[in-house]
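**Q** Shown below is the structure under consideration.
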Amino acid sequence: MSGDVKEILKKVRDAILEYNPDKTVEAVNEALKVGLSPMKIMEKGVTQALKEIGKMFEEGKVFLPELIMAGEAGKAALKILEPKIKERKEKIKSYGKVLLATVEGDIHDIGKSLVGAVLMANGFEVIDLGADVPTDKLIEKVKELKPDVVGLSALMTTTMLNQEKVIKKLEETGLRGTVKVIVGGAPVTEEWAKRIGADAYGADAMDAVKKIKELLNIKE
Ligand code: B1M
């Protein structure tokens, strides 16, 4: 990666680490102007900075206000990058319908939204139910919208349990066989996905697309 590309991506990271949404928007637009891909700006700029802040929060070096402000700066970046990620690969036909949600009790939605944007850019129809989605509402939407895949995001060890709750509810309502379930989010692992009976685990947005294509036997 050339020096000035590194410099521009550092500008994006620094703006988030300064919890400054306006400066973040400026840096993201500058990175887009020099031709950096929206995914690269997201991964090497935004996600990296948010991971750093997460670590500092864990180590007690920053606290909730910083987490909130970092989230706001991250969302400001995503607001610009998400449509660009979606428009990157316009596909007429849709490979399938994916229902996305962050589970009940969890309001983290940056990662889920990024997964949704990349899925759209890869030719999927995505219905994003947002964050903190009650399990019963999710089941209702599966009945109503008949998706091929249900994607569940959870960012906390406490809320991961609601991924298991959704799968159990799909079984109880006889819907389990009608959908494939993929789970993801920072604390989620392959082992967790297997343990709760999910069909797949997505480590990041690109992995989520790859796994969903495998689940739906899409050879492309
Ligand atoms: Co909070 N938060 N947060 N937080 N926050 C974390 C998750 C935490 C890890 C920070 C820490 O302590 N290190 C920690 C959870 C600890 C744990 O349980 N393991 C934590 C905590 C504790 C909290 C609060 C409880 C703080 C408090 O109030 N005391 C609170 C919880 C509120 C709630 O949910 N009820 C809280 C609140 C928040 C904000 C709302 C302020 C804000 C979120 C803003 C928003 O989302 N709109 C926030 C933020 C920003 C973070 C960190 C710093 C960054 C998360 C993020 O957006 N990363 C986070 C630290 C961390 O994760 N290391 C932290 C960028 C994003 C692109 O990555 O979401 O991992 P990620 O998504 C990736 C992959 O996970 C994967 O692909 C994505 C793209 O590559 N993926 C999927 C995600 N979903 C997927 C779904 C799939 C497939 C792949 O299939 C469907």
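**Q** So how much slack lies between K210 and T173, counting 0.36 nm per residue of separation and subtracting their Cα-Cα distance, in nm?
**A** 10.5 nm
**Q** Can you pick out the pairs among K141/K194; K11/K211; K40/K137; K6/K112; K97/K194; K44/K146 whose Cα atoms lie more than 30 Å from each other?
**A** On the way: K141/K194 24 Å; K11/K211 33 Å; K40/K137 34 Å; K6/K112 26 Å; K97/K194 23 Å; K44/K146 35 Å.
Beyond 30 Å between Cα atoms: K11/K211; K40/K137; K44/K146.
**Q** Output wanted: per-residue J couplings in Hz (rounded whole) for the stretch 69-77, from phi through Karplus 6.51 cos²θ - 1.76 cosθ + 1.60, θ = phi - 60°, x for Gly and Pro.
**A** Per residue, the Karplus-derived 3J(HN,Hα) values read 5, 5, x, 5, 5, x, 5, 5, 5 Hz.
**Q** Using only Cα atoms, find the angle between the long axis of helix 205-215 and the longest principal axis of the chain, and express it within 0 to 90 degrees, rounded to the nearest 10.
**A** 20
**Q** Also, quick follow-up: Hand me the GluC sites (Glu not before Pro) from the stretch 82-144 located in a DSSP loop with no more than 16 other Cβ atoms within 10 Å, in residue order please.
**A** Listed in order of number, the matching sites are E90.
**Q** As a test of reading the structure, rank L215, L119 by solvent-accessible area (1.4 Å probe, protein chains only), most first. Walk me through the numbers on the way to the answer.
**A** Values: L215 35, L119 0 Å².
Result, largest first: L215, L119.
**Q** Let me ask something else about it. What are the extents of the Cα atoms of the chain along their three principal axes, listed from largest to smallest and rounded to whole Å?
**A** Principal extents (largest minus smallest coordinate, Cα): 53, 43, 27 Å.
**Q** Is the stretch 1-108 rounded, prolate or oblate when judged by the Cα gyration tensor, a ≥ b ≥ c being the square roots of its eigenvalues, rounded requiring a/c under 1.5 and prolate requiring a/b larger than b/c?
**A** Oblate.
**Q** Determine the dipole magnitude for the stretch 97-215: charges of +1 sit on the beta-carbon of Lys and Arg, -1 on that of Asp and Glu, nothing else is charged, the reference point is the Cα centre, and the result goes in debye to the nearest 20.
**A** Using Cβ point charges on Lys, Arg, Asp and Glu, the stretch 97-215 gives about 300 debye.
**Q** I've got another one for you. Loop-only trypsin sites (Lys or Arg not before Pro) in the stretch 1-48, please: DSSP not H, G, I, E or B, and at most 15 other Cβ atoms within 10 Å.
**A** In loop regions of the stretch 1-48 (DSSP not H, G, I, E or B), there are no sparsely surrounded trypsin sites (Lys or Arg not before Pro).
**Q** Among G116, G197, G184, which one moves the most in a GNM of the chain with springs linking Cα atoms closer than 10 Å?
**A** Of G116, G197, G184, the Gaussian network model singles out G197 as fluctuating most.
**Q** Once the Cα atoms of the stretch 97-215 are picked out, what are the Rg and Dmax in Å?
**A** My reading of the Cα-based Rg and Dmax gives 12.3, 34 Å.
**Q** Let me ask another. Once a ≥ b ≥ c are taken as the square roots of the eigenvalues of the Cα gyration tensor of the stretch 76-139, is the result rounded (a/c under 1.5), prolate (a/b larger than b/c) or oblate (a/b not larger than b/c)?
**A** Since a/c reaches 1.5 but b/c is at least a/b, the shape of the stretch 76-139 is classed as oblate.
**Q** When the dipole is taken about the Cα centre of the chain, and only Lys, Arg (+1) and Asp, Glu (-1) are charged at their Cβ, what size is it in debye, to the nearest 20?
**A** Using Cβ point charges on Lys, Arg, Asp and Glu, the chain gives about 720 debye.
**Q** Counting only helical runs of four or more DSSP H residues, what would the 222 nm mean residue ellipticity of the chain come to if each run contributes -39,500 (n - 2.57) and the total is spread over all its residues?
**A** The per-residue figure over the chain is -17000 deg cm²/dmol.
**Q** Additional query: Quick one: which residues, 5 or more positions from I127 or on another chain, have an amide H under 5 Å from its amide H? H modelled 1.01 Å from N in the peptide plane, none for Pro or chain starts.
**A** Correct list: V98, L99, L100.
**Q** Specify the angular offset, from 0 to 90 degrees and rounded to the nearest 10, of the alpha carbon long axis of helix 135-145 from the longest principal axis of the alpha carbons in the chain.
**A** 80
**Q** Let me ask another. When ranked by the protection proxy of mean other Cβ atoms within 10 Å per residue, highest first, what sequence do the peptides 71-78, 170-177 form? Can you show the working numbers first?
**A** Details: 71-78: 21.1, 170-177: 13.1.
Final packing ranking: 71-78, 170-177.
The values are calculated or read from the model by the stated rules, or taken from the named source; none is laboratory data. Every value quoted in this text rests on a predicted model; they were computed, and no experiment measured them. Neighbour counts run over all protein chains shown; Cβ positions are idealised from the backbone, glycine included. Surface areas here come from the heavy atoms of the whole protein model, side chains and all, with no ligands, DNA or RNA. Shrake-Rupley method; radii C 1.70, N 1.55, O 1.52, S 1.80 Å.
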